[in-house]
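A short worksheet on the structure shown next.
Please treat every number below as a calculation from the coordinates, not as lab data. Remember, predicted model here, so these are calculated numbers, not experimental data. So basically every Cβ, Gly included, is an ideal-geometry build from the backbone, and we count neighbours across all protein chains shown.
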């Protein structure tokens, strides 16, 4: 069965929501890059993801959702990144789709650390933090709807990408709790208008 036939069959059975990811945006704006913190396009809420540019497409690392402005949520993410709250990976390898950990962050249940631990290693980690901040790319999809709609789409995208073979699945951030579609909820279909810009993302996805 062709993709077009599958898409039409799903659309006939469920409500379809068109999703277009806008981006890329950046934390560090140089050479014409657009700021995730200051762009008017990011004064909306919805679903977003963090990625790197890899083989002419975007390779997703983390997917999130927010009911506040994207700019506000990504400012919070930056504070966590800059203070050692999140995993840190060797930047050049990360751009190749390889995750070589240099710091486990503070939220990994298997590798607990403290702010004091981070400060003990700050001199060696500061260049990594700065480099990663310049290469992370952010894409946002404004969505009108309640929190549950955003949660379901966030979870469906993450689960789908986690289950992909090879580099796509392996590159996903681990240990994140998501709230996927429940049996008592009517299924919906997301139609991704620019799916071909993102490794592993299908054109349609039930959620």
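For the residues 184, 194, 163, a GNM of the chain with alpha-carbon springs under 10 Å puts the largest fluctuation on 184. Between residue 114 and residue 29, the FRET efficiency from the beta-carbon distance, with R0 = 25 Å, is close to 0.20.
Across the alpha-carbon atoms of segment 67-153, the computed radius of gyration and Dmax are 15.1, 44 angstrom. Among [x] 1.05; [y] 0.95; [z] 1.15, only one was calculated for this model; which label is it, if the read-out is Cα Rg over 2.2 N^0.38 Å? The value matching this structure is [x]. Our estimate of slack between residue 130 and residue 159, defined as 0.36 nm per intervening residue step minus the Cα-Cα distance, is 7.5 nm.
If you take the Cα centroid of segment 83-129 and the Cα centroid of segment 48-65, the two points sit 19 Å apart. In this simple spin-label approximation, residue 38 and residue 16 carry label points 7 Å from Cα along the Cα→Cβ vector, and these lie 3.9 nm apart. Angle, helix 70-82 long axis vs. longest principal axis of the chain, Cα atoms, 0 to 90°, nearest 10? For 70-82 against the chain, the angle is about 30 degrees.
Where does helix 147-162 land angle-wise versus the long Cα axis of the chain, in degrees 0 to 90, nearest 10? Once rounded, the angle reads 80 degrees. Beta bridges per DSSP, both residues in the chain: antiparallel share near 75 percent. Once the Cα atoms of helix 122-135 and of the chain are each reduced to a long axis, what angle between those two axes, in degrees from 0 to 90 to the nearest 10, is obtained? The angle comes out near 30 degrees. Taking a ≥ b ≥ c as the square roots of the eigenvalues of the Cα gyration tensor, an a/c ratio of 1.5 or more together with a/b larger than b/c marks segment 109-207 as prolate.
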